[in-house]
Amino acid sequence: MKSLFISFLIALPAVADHHLANELTAAEKKAGWALLFDGKSTEHFRNYKKESLSDRWVVKDGAITLTKKGGGDLITKKQYEAFEFTVDYNITPGGNSGLMFHVQETENTPWKTGAEIQIQDNVKGHDPQKAGWLYQLYKPEPVVDATKPAGEWNTLRVLITPEKCVQWMNGTKYVEYVKASKDWNERVAKSKFSKFPNFGKPTKGHLCLQDHGNVVSFRNIKIREIKK
């Protein structure tokens with residue numbers, strides 16, 4: 001099974017092509033990529049535990065932007081299991097947000113089930129967890145910062161599978177881990193998430209873009225499901 005999985009990955013492009021904003025190339029379509037945001041419509045998203053999306057999430061200039069605090073966490077309507085995902089984000093100075101995966105709507109907040117990949121301004125941000133790290137669980141060793149300054153676009157890429165999970169920031173590989181492994185479980189036990197019994201347990205769920213109270217924009221939101 002593992003060899004078939006590796007062969008499948010090799011047969012496809014390693015990363016989505018972002019030379020066209022909010023569009024898929026012919027090669028991407030052939031490889032199985034899907035566009036979750038076309039620069040105009042929010043049809044693939046809604047708020048956490050809601051049927052609709054707050055008007056504080058605004059589509060403008062080819063991006064979906066949280067314009068003010070209180071817009072609520074944005075989730076995909078569809079749930080995903082194994083996938084490759086890529087998104088461009090633009091965070092304001094001092095701003096903070098996050099990307100969560102395998103989120104289930106069983107708790108009052110999405111981060112009690114889905115692990116979070118940090119998004120923030122690493123220069124003026126106040127959180128010791130830096131952009132591109134898996135919050136409180138995995139960070140680059142040695143630590144590296146491949147982010148561009150606040151106000152510029154950064155590209156976050158994520159591979160999530162039962163066999164291996166990998167995170168990249170602007171093409172630089174940050175971390176690799178296996179969900180539910182001994183190492184994973186030990187790290188969760190030492191984190192603030194240890195008191196939430198459902199944290200990191202789901203193997204399928206929504207993707208979530210966090211409302212942390214700061215203005216943040218997203219574009220080029222693409223996903224490639226990995227079928228076994």
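Points to keep in mind about this one:
- Within the stretch 168-188, the set of residues being under 23 Å from L156 (Cα atoms) and of a type in the set (D, E) comprises just one member, E176.
- Residues that are among the β-branched types (V, I, T) and surrounded by 20 or more Cβ atoms within 10 Å (Cβ to Cβ) occur at least once in the stretch 66-83.
- Condition met for T203 (touching an Asp or Glu at 6+ places or on another chain (Cβ under 8 Å), surrounded by 16 or more Cβ atoms within 10 Å (Cβ to Cβ) and touching a residue at least 40 places away in the same chain (Cβ under 8 Å)): no
- Inspection of the stretch 143-157 identifies no residue that is touching a helix residue (DSSP H, G or I) at 6+ places or on another chain (Cβ under 9 Å) and of a type in the set (A, V, I, L, M).
Yes/no matrix, rows are residues, columns are (1) in a strand (DSSP E or B); (2) farther than 23 Å from F37 by Cβ; (3) of a type in the set (V, I, T); (4) in contact with a Leu (Cβ under 9 Å, 6 or more places away or on another chain):
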{"site": "I117", "(1), (2), (3), (4)": "yes, no, yes, yes"}
{"site": "K130", "(1), (2), (3), (4)": "no, yes, no, no"}
{"site": "Q136", "(1), (2), (3), (4)": "no, yes, no, no"}
{"site": "P142", "(1), (2), (3), (4)": "no, yes, no, no"}
{"site": "P149", "(1), (2), (3), (4)": "no, yes, no, no"}
{"site": "L156", "(1), (2), (3), (4)": "yes, no, no, yes"}
{"site": "V166", "(1), (2), (3), (4)": "yes, no, yes, yes"}
{"site": "V188", "(1), (2), (3), (4)": "no, yes, yes, yes"}
{"site": "L207", "(1), (2), (3), (4)": "yes, no, no, yes"}
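- Selection from the stretch 95-115 of residues that are assigned to a loop (DSSP other than H, G, I, E, B) and either in contact with a Ser or Thr (Cβ under 8 Å, 6 or more places away or on another chain) or surrounded by fewer than 21 Cβ atoms within 10 Å (Cβ to Cβ) (or both): Q104, E105, T106, E107, N108, T109, T113
One line per residue, one yes/no per condition, for (1) touching a Cys at 6+ places or on another chain (Cβ under 7 Å); (2) free of Cβ contacts under 8 Å to residues at least 40 places away in the same chain; (3) farther than 16 Å from I119 by Cα; (4) of a type in the set (A, V, I, L, M):
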| position | (1), (2), (3), (4) |
| --- | --- |
| L137 | no, no, no, yes |
| P142 | no, yes, yes, no |
| L156 | no, no, no, yes |
| Q167 | no, no, no, no |
| N170 | no, yes, no, no |
| E186 | no, yes, yes, no |
| F193 | no, no, yes, no |
| N214 | no, no, no, no |
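- Taken together, the residues in the stretch 54-86 that are touching a residue at least 12 places away in the same chain (Cβ under 8 Å) and either assigned to a strand (DSSP E or B) or of a type in the set (V, I, T) (or both) amount to 15.
- The one condition in (1) closer than 25 Å to P93 by Cα; (2) surrounded by fewer than 13 Cβ atoms within 10 Å (Cβ to Cβ); (3) not acidic (D, E) that Q136 fails to fulfil: (2)
Where a number appears in this text, it was derived from the coordinates with a stated rule and is not lab data. Being a predicted model, the structure only gives us computed values, none of them experimental. For neighbour counting, all protein chains shown are included, and Cβ atoms are generated from backbone atoms with ideal geometry for every residue, glycine included.
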